[in-house]
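So the structure is just underneath, and the comments pick up after that.
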């Protein structure tokens, strides 16, 4: 009886939680929909401003939208490009998919449902056709999850779409692109969108190449196992044991028939039959670079002193390594530069800017390396890059706050650029992450109006934001230390400082003695 009452109480509480969460979800949907409506109004305002610029240049006609996106982005601490996308998406949702937006505001569907319906209905330009698709998709969206809605919405859009697959593909292929997303622990993700045939062809080639490497590795393991077996047989014949026999006979006392104690019962590698393939059992704790083990000095090699190594990489790891190898070293088969680039496209090499603490290079600390101000770099990779670099700049930091004080180059213009790249790291417009080395050098006070070309009047601005600053009426005041004060066309003010630096100090050696600490410091 008590258990029954407890079950009923738990069920009642569960119903209350479900109802409360559903209420919050509906409120959240209403807030998101209303925010989208405000975004749409902001977009409409920029269109009205643009309409008043009838005789303006194309760049000037872009400025109202870019200025609005920049101001909202700075206030929300996001990228202005992202905000510009949000404004356009909201405008399209509120105006072209009004029924979907209303269902969103009413809490009948979520933001994810709205995204699926809008994404699949973009090609339906006819109002009546789009309304028919929207009605059909919404009816199902209110009964299921966004993930289940997607295939249904795709089929519904296909049914109502007056354009052929070829026509849609010809438009979609114009959106092909490659992008990078930074992850944690010194890793990044390279993504690509392109025609299905080419993408699957790339993946298939990498897979075939990877399987060829794995097949060669299995053959090497099989050959090594056969040689080991032959050596064991030869050892047994030399001690009077039967070929392939164990160590239990011939000696009478079970001591392995006279085999040395260290060899009694040992098997270096064993061959097993799995799915019709011979595979050599190898240790799983190998850890050489990219999973390939150097012979003789790694647990995954074929015995001490051996000149063989076994490839411990998975097929996914091999595919990735092959992709990077070919992309960084190969020459494109199609080169349309016509001699404009000396040596052709194959002569172009990848460039990255890495900042590495001297203590990390010396081995007294294990962190702090950074790629273009975007993501961390592991110490081993940083050391390899520093060792192979044709040259590098020393950057002196304030030991307390970490601010850049100077670089050790003397040539005026080049030194200024190096100093500013070290100080600014990326474009100084709030929220932008374009590396400083890809930016233009902006005079805070216009050079034509008497502004000086020195580090207190210069800073990195990407082309997009350099243009926006001058064309859309943004003003900038630079304070000591490179801190910038922006005033938007609306009169609102924002500040942006140089990227903060995380300082890494050497670890004290065992015992923590100050004199030992001094000895552990880098020689420079």
Modelled label-to-label distance, residue 203 and residue 329, 7 Å Cα→beta-carbon offset: nm?
-> 2.6
Residue 211/residue 41 FRET efficiency (R0 60 Å; Cβ-Cβ; nearest 0.05) | 0.60
Each label point is 7 Å from the Cα along the Cα-to-Cβ direction; what then is the distance between the points at residue 446 and residue 471, in nm?
-> 1.6
Would you please classify the overall shape of segment 2-172 from the alpha carbon gyration tensor, given that a ≥ b ≥ c denote the square roots of the eigenvalues, rounded means a/c under 1.5, and beyond that prolate means a/b larger than b/c while oblate covers the rest?
-> oblate
Rounded to one decimal in nm, the spacing of the 7 Å Cα→Cβ label points at residue 127 and residue 381 is 5.3
Efficiency of FRET from Cβ geometry, residue 453 and residue 185, R₀ 30 Å, rounded to 0.05 = 0.15
Work out how much length residue 159 to residue 317 would gain on full extension: take 0.36 nm times their residue separation and subtract the Cα-Cα distance, in nm to one decimal.
-> 52.8 nm
The extension gain from residue 495 to residue 167, computed as 0.36 nm times the residue separation minus the Cα-Cα distance, is 113.3 nm
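Which order do peptides 79-86, 471-478 fall in by mean Cβ count within 10 Å, highest first? List each step's numbers first, then the result.
On the way: 79-86: 17.9, 471-478: 15.8.
Descending packing order for the listed peptides: 79-86, 471-478.
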Ascending count of other beta-carbon atoms within 10 Å, so fewest first, for 24, 152 | 24, 152
Could you give the length gained on full extension between residue 437 and residue 78, defined as 0.36 nm per residue of separation minus the Cα-Cα distance, in nm?
-> 127.1 nm
If R0 = 25 Å, then residue 485 and residue 56, at their Cβ-Cβ distance, give a FRET efficiency to the nearest 0.05 of 0.30
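Values quoted throughout were computed directly from the atomic coordinates according to the rules given, and no laboratory measurement underlies them. All values derive from a computational prediction rather than experimental measurement. No Cβ is skipped: glycine too gets one built from the backbone with ideal geometry, and neighbour counts run over all protein chains shown.
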